[in-house]
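Report on the structure given below.
The values are calculated or read from the model by the stated rules, or taken from the named source; none is laboratory data. In this text, all values refer to a predicted model and were calculated from it rather than measured experimentally. All Cβ positions, even for glycine, are placed from backbone atoms using ideal geometry, and neighbour counts span all protein chains on display.
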Amino acid sequence: MFREGYPFPDEDTHRYIPRRKRRREPDSDGVQSARILAGYFARPDAVPDELADALHEVYPIFDHHDLIAGAIPAQDHERARRTGRWLVRTAMDRCAVRVGLALLGAVGEPEDIPVIQLIGLLSKVFGPLSAHAVERIATGPEALIWLAERVTGWGRVYVVETLCRLGDPGANRWLLRQAVDGDYLNRYFAGEVAMAAGLHEVLDEFEHDPELVEHTGRLLGVMAESECMGMTLEHYPHAAAVIEAHARHA
């Protein structure tokens, strides 16, 4: 069964990694993409569709990279926004779309959030960059929660980890009640959710919040099987208190 948007329209050109892409130096993904962008911005007459073929020839970026933002001239943010929007909305190759997301993650505006969310639904490929872009642009957790509720697998890992970084009460409330969806990849973030959202600090809410109780049971179950993937109950410092409180209300 296909998940996370597969197969993509450009699948035929991404079935293997060309030899030139395998010769990868440390951070070469960001370095090469940033070099291409710098050349693009140095030419006032360059158009965004020129980037698509060039970006396909180098090792793709997967996550936020400061070098991409650094390639944008200080006086050229509007052009960078237009370029990012064009790449995300129009480019036919995932490598170019990733760079478009990175540009919007650097200089995007609130009006860009819906299209970033939409492309972020193809979450295994675009999840990390979409989550970072929404995190930077949005003023609250709602846009990220919208995305988290609609992605699975690795995409959910990326977005949940981003929500954990926010330290936002609204994000924490969602994390403690809905983050775990039953996928085995939940093991990567279950312990992070418990710690970042302060599960041990809301145990008194078990009395009147069955949703919190039910999700805590799932969270503890995942952590019990998270060895070699994420934090286990053995290493969760509040395990005894949480398990005891949960047992009283389950």
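At-a-glance table
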quantity: Hey, A239 without any contact (Cβ under 8 Å) to a residue 40 or more places away in the chain, within 24 Å of A143 (Cβ to Cβ) and surrounded by 14 or more Cβ atoms within 10 Å (Cβ to Cβ) or not; calculated: no
quantity: Selection from the range 183-233 of residues that are of a type in the set (S, T, N, Q) and over 19 Å from L163 (Cβ atoms); calculated: T232
quantity: Residues of the range 27-68 that turn out to be assigned to a helix (DSSP H, G or I), surrounded by fewer than 18 Cβ atoms within 10 Å (Cβ to Cβ) and of a type in the set (G, A, S), as a count; calculated: 3
quantity: Any hit, the range 186-204, residues being of a type in the set (G, A, S), part of a loop (DSSP other than H, G, I, E, B) and crowded, with 21+ Cβ neighbours inside 10 Å; calculated: yes
quantity: Odd one out for P169, checked against (1) surrounded by fewer than 24 Cβ atoms within 10 Å (Cβ to Cβ); (2) in contact (Cβ under 8 Å) with a residue 24 or more places away in the chain; calculated: (2)
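The rows are residues; the columns are (1) under 13 Å from P48 (Cβ atoms); (2) in the same structural domain as R43 (by TED's automatic domain parsing); (3) over 17 Å from the mean Cα position of the chain (by Cα); (4) touching a residue at least 24 places away in the same chain (Cβ under 8 Å).
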| site | (1), (2), (3), (4) |
| --- | --- |
| L87 | yes, yes, yes, yes |
| M92 | yes, yes, yes, yes |
| V99 | yes, yes, no, yes |
| I113 | no, yes, no, yes |
| S130 | no, yes, no, yes |
